[in-house]
Amino acid sequence: MLEFKKLELSDIDKVKHYFGFSTNRICDNSVGAAFMWRDFFSVEYAIYNDTIIFKSKVVYSNNITAFSFPLGKDIVGILEKAVAYCRLNNLRISFHTITSAEIDLLETIFPDFEVFKEPDWSDYVYHVEDLRTLKGRKYNGQRNHMNFFKKNFPDYAFRELSADNIPQVMDFFVRLSSINLDTPVAKEEHHKVIEVLENYDAYGCFGGVLTVSGKVVAFAVGENINDVMFVHIEKGDIQYRGAYQMINNALIKHFATDQIKFINREEDVGDPGLRNAKRAYHPCEILDKYIFLVM
């Protein structure tokens, strides 16, 4: 029988290698996304035969209990264990953040099912070279913003996020975000960005800081897994026109290795402003996710 344990910050080293088994490029299969949202979704995990499965409360779908798609060496084995767990605990067998490819596999095991798209939680995925070079007319807007920034703030600098500048970044973030915490998602993100900054080494991510005259105007935090860079955090002061475009481009140029082919800028969580900003970078794919319910 599977034994589930609440996902805690101290579990990062125990579970992070399983994300390397992911082939679908969704942000949920990364340290940053999994741990930043672990409390919001009441995430628990179980490991069986060198395979991990996460169990969550899907707060945007009537708080149903649902599993992630397993990661590891024994997918079928742990799915069988999950079925037994559901039967013992009188739970409907359900999965969330499932991609279309995983639906194809799950329906061979569970032929009687219904499936629903999770539209606010689709990931925006881009070709790394598009965002690195910003070539072509479709990126005129981004280049114009960056040129404005460079012209008007010539004493800007980009540096790696480190213990030396984290206190300054923390002060910037708290001032920037504390006035716009009007939704549960925004409040949770606020708390977890602070957690990431306070536990930067534990998260094992990388980050960049953009300053003007030594003052922080933007920062971003990401993570590389297989051929994908995941951008987990990106914050900027809109009073400095072009700051967002600058930090986005600088992070990719600085941290995207030759292995990286795609950039995942995560979901828009139904926010119209975020949706417009992510679509403005012309994703090569909007990676839809689904809830899969066994009948």
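The values are calculated or read from the model by the stated rules, or taken from the named source; none is laboratory data. A quick note: this is a predicted structure, and the numbers were derived from the prediction, not measured. Neighbour counts are summed over all protein chains in view; Cβ atoms, including those assigned to glycine, are modelled from backbone coordinates with ideal geometry. Side chains included, ligands, DNA and RNA excluded: accessible areas come from the protein's heavy atoms. Shrake-Rupley method; radii C 1.70, N 1.55, O 1.52, S 1.80 Å.
Numbers at a glance
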read-out: Residues being under 20 Å from V294 (Cα atoms) and either outside any strand (DSSP E or B) or touching a helix residue (DSSP H, G or I) at 6+ places or on another chain (Cβ under 6 Å) (or both) - total across region 38-59; value: 2
read-out: Yes/no for T65 being among the polar types (S, T, N, Q), closer than 25 Å to E188 by Cα and touching a helix residue (DSSP H, G or I) at 6+ places or on another chain (Cβ under 8 Å); value: no
read-out: Among residues of region 22-35, those that are within 18 Å of E118 (Cβ to Cβ) and either of a type in the set (G, A, S) or open to solvent by 40 Å² or more (accessible area, probe 1.4 Å) (or both), counted; value: 6
read-out: Residue in region 181-199 that is within 22 Å of K150 (Cα to Cα) and over 18 Å from the mean Cα position of the chain (by Cα) present; value: no
read-out: Cross-chain or 6+ apart pairs with Cβ under 9 Å, region 1-21 first and within 22 Å of N89 (Cβ to Cβ) and open to solvent by 100 Å² or more (accessible area, probe 1.4 Å), then in a loop (DSSP other than H, G, I, E, B) and modelled with pLDDT of 95 or more; value: K6/R38; K6/S42; K6/V43
read-out: Members of region 36-57 found to be under 17 Å from the mean Cα position of the chain (by Cα), crowded, with 19+ Cβ neighbours inside 10 Å and within 22 Å of R92 (Cβ to Cβ), listed by number; value: F41, V43, F54, S56
read-out: Answer residue from region 60-108, given it is among the small types (G, A, S) and touching a strand residue (DSSP E or B) at 6+ places or on another chain (Cβ under 8 Å) and is farthest from D120 (Cα to Cα) among those; value: G77
read-out: Tabulated pairs, region 39-64, first charged (D, E, K, R), second part of a loop (DSSP other than H, G, I, E, B), C-beta under 6 angstrom, 6+ apart or interchain; value: E44/F4; D50/K73; K55/F4; K57/F41; K57/S42; K57/N63
read-out: Counted residues, region 218-235 - those being open to solvent by less than 10 Å² (accessible area, probe 1.4 Å) and free of Cβ contacts under 8 Å to residues at least 40 places away in the same chain; value: 2
read-out: Segments classed as strands (runs of 3 or more DSSP E), wholly inside region 60-177, with at least 3 members that are modelled with pLDDT of 95 or more and open to solvent by 30 Å² or more (accessible area, probe 1.4 Å); value: 113-117, 156-160
read-out: Residues satisfying the stated conditions in region 236-271, i.e. of a type in the set (G, A, S) and surrounded by fewer than 23 Cβ atoms within 10 Å (Cβ to Cβ); value: G236, A250, A256, G270
read-out: Matching option when the condition is aliphatic (A, V, I, L, M), within 18 Å of R132 (Cβ to Cβ) and assigned to a loop (DSSP other than H, G, I, E, B), among I247, I238, I260; value: I260
read-out: Residues being in contact with an Asp or Glu (Cβ under 8 Å, 6 or more places away or on another chain), on the phi < 0 side of the Ramachandran plot and surrounded by fewer than 19 Cβ atoms within 10 Å (Cβ to Cβ) - total across region 192-211; value: 1
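For (1) within 30 Å of T65 (Cα to Cα); (2) acidic (D, E), each residue gets a yes or a no:
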residue	(1), (2)
G207	no, no
G214	no, no
K235	no, no
Y240	no, no
E267	yes, yes
L287	yes, no
